[in-house]
Amino acid sequence: MRFYATLASTILLLTAVSCSNDNEPTIKPDGPSRTILVYMVATNSLSDNVADDIEEMMQGMTAVEGDDCHLLVYEANYNADPMLYEITSANGKASISPLKTYQITTSSASVERMSEVISDAVATAPAESYGLVLWSHATGWVRVLESASKSSGTVRPADFADDNGQWMTISDLARAIPDGLFDFIYADACYMGCIEIAYQLRDKANYYIASPTETLSPGMPYDENIPCFFKETADLVAACQNTYNYYASRASSATIALIDCSKLEQTADLCHQIHSTTSVTEVNTSELQCYNRASRSTYFDFFQYTSLLASPQQATELYDIANQLVPYKAATAKFLTINIDPDHYSGLSTYIMGTASDFNEQYYTTLDWYKRIYEQ
């Protein structure tokens, strides 16, 4: 924790100097080639992970060459106002420069704040290409039912970014991210690797990286992945491999997949056809690969389940699409208590209608994937 105390002191000192003029981000005249924004919401049980990840980011930037690479971090944490800062390196040493401090009255789990931060990042470090890292807790798309002792059994919208108990829905996340801005989005958070979220974000990035299971608290190895993100062409396969190897080499657990968003509509077309023409009325979910450890599973392997509904011809088409949609995937043999069958690990999860609670099923019908597959 010594590093964190030093880092916080440095940021506060620099903030006092840089934010004296109406607290607006500095506009840089020349556009860099790539800007990466890490959107970090740590006002939750992950707060203690911030220092290690920031240190890894700083280490990673020391291996990045060129003045046209900008790593911006938005950090919402306890005991401080949210801040946007830049991590830079020179002569093998990394440093942090504060860019803007935000009012804590607007939740970091809101469309308003995320939209504001993305806009500030683009204005501060205009680039030819952009990448986004989503850093926080997440539950995928699944709702959480609070106990009666807390909120009379009300449903808590818990999808992404736990900001002191306030969360973003996946629909709000999609609304906050501009269409076509990002080359890639990396979700360093639990359960974000499902077809429903990938489809909801289909217009937001060219590539999407996420895990269908939980993501263990160290998250991705930023020191190894930051240089991959700043390659002339971002090496997203290497970033996925780094994440997988980080855990596999420690006999730990990991799942990861790279999704080509340009293939999502083609996938949706076929899945709509399969669901519209299938004669299968029931699937034994106990025989399916599942990805969550709850007693009542809600995340099942996307391609395994869909192939059971498909005709032989449709199954062949589905296999061909799978190889294009998910150009890279990896998983350890076990994820904590879950066995991962390599023959049925597609890198993406999906929900099966009728397997969740009523309030989750009702919410599921509002997602773009449901509307595209079941209603059209």
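For region 249-259, indicate whether the set of residues that are over 23 Å from THR355 (Cα atoms), open to solvent by 20 Å² or more (accessible area, probe 1.4 Å), outside any helix (DSSP H, G or I) and in contact with a helix residue (DSSP H, G or I) (Cβ under 7 Å, 6 or more places away or on another chain) is non-empty. No, that holds for no residue.
Are any of the residues in region 111-118 surrounded by fewer than 15 Cβ atoms within 10 Å (Cβ to Cβ), modelled with pLDDT of 90 or more, closer than 30 Å to THR233 by Cα and charged (D, E, K, R)? No: region 111-118 contains no residue that is surrounded by fewer than 15 Cβ atoms within 10 Å (Cβ to Cβ), modelled with pLDDT of 90 or more, closer than 30 Å to THR233 by Cα and charged (D, E, K, R). Condition (residue is under 17 Å from GLU196 (Cβ atoms), at pLDDT 95 or above and not in a helix (DSSP H, G or I)) applied to region 319-335: is it met by at least one residue? Among the residues of region 319-335, at least one is under 17 Å from GLU196 (Cβ atoms), at pLDDT 95 or above and not in a helix (DSSP H, G or I), which makes the answer yes. For region 190-201, the criterion of being buried (at least 20 other Cβ atoms within 10 Å of the Cβ), out of contact with any Pro (no Cβ under 9 Å at 6 or more places or on another chain) and more than 19 Å from THR267 (Cα to Cα) is satisfied by at least one residue. With respect to the conditions (1) within 27 Å of THR169 (Cβ to Cβ); (2) assigned to a helix (DSSP H, G or I), MET220 falls short on a single one, namely (2). Of the residues making up region 253-289, those that are touching a strand residue (DSSP E or B) at 6+ places or on another chain (Cβ under 8 Å) and farther than 26 Å from ASN242 by Cβ are THR285, LEU288. Inspect region 311-321 for any residue being open to solvent by 70 Å² or more (accessible area, probe 1.4 Å), at negative phi and in contact with a Pro (Cβ under 9 Å, 6 or more places away or on another chain) and give the result as yes or no. No, region 311-321 contains no residue that is open to solvent by 70 Å² or more (accessible area, probe 1.4 Å), at negative phi and in contact with a Pro (Cβ under 9 Å, 6 or more places away or on another chain).
When you look at GLN313, is it of a type outside the set (A, V, I, L, M) and either under 21 Å from TYR208 (Cβ atoms) or touching a Phe, Trp or Tyr at 6+ places or on another chain (Cβ under 6 Å) (or both), yes or no? Spelling it out, it is not the case that GLN313 is of a type outside the set (A, V, I, L, M) and either under 21 Å from TYR208 (Cβ atoms) or touching a Phe, Trp or Tyr at 6+ places or on another chain (Cβ under 6 Å) (or both).
When the test is whether a residue is part of a loop (DSSP other than H, G, I, E, B) and within 21 Å of the chain's Cα centre (by Cα), ASN225 does not pass it.
From ASP179, ASP162, grab the single residue that is among the acidic types (Asp, Glu) and assigned to a strand (DSSP E or B). Spell out how you get there, then give the answer.
Details: ASP179 fails: assigned to a strand (DSSP E or B).
After applying the criteria, what remains is ASP162.
A count restricted to region 122-162 and to residues that are at pLDDT 90 or above, open to solvent by less than 30 Å² (accessible area, probe 1.4 Å) and touching a Pro at 6+ places or on another chain (Cβ under 9 Å) stands at 4. Checked against the criterion of being at pLDDT 95 or above, in contact with a helix residue (DSSP H, G or I) (Cβ under 8 Å, 6 or more places away or on another chain), assigned to a loop (DSSP other than H, G, I, E, B) and under 27 Å from ALA310 (Cα atoms), region 281-295 contains one or more residues that satisfy it. Going through (1) assigned to a helix (DSSP H, G or I); (2) in contact with a helix residue (DSSP H, G or I) (Cβ under 6 Å, 6 or more places away or on another chain); (3) over 23 Å from ARG175 (Cα atoms) one by one, LYS263 falls short only on (3). Could you please find all residues in region 281-329 being closer than 21 Å to ASN360 by Cβ and of a type in the set (D, E, K, R)? Hits for region 281-329 are GLU282, ARG293, ARG296, ASP301.
The values are calculated or read from the model by the stated rules, or taken from the named source; none is laboratory data. The model shown is predicted, which means the values in this text are computed figures rather than measured ones. Please note: Cβ atoms are built from the backbone with ideal geometry, for glycine as well, and neighbour counts cover all protein chains shown. Remember, those area values only see protein heavy atoms, side chains included, never the ligands or the DNA or RNA. Shrake-Rupley method; radii C 1.70, N 1.55, O 1.52, S 1.80 Å.
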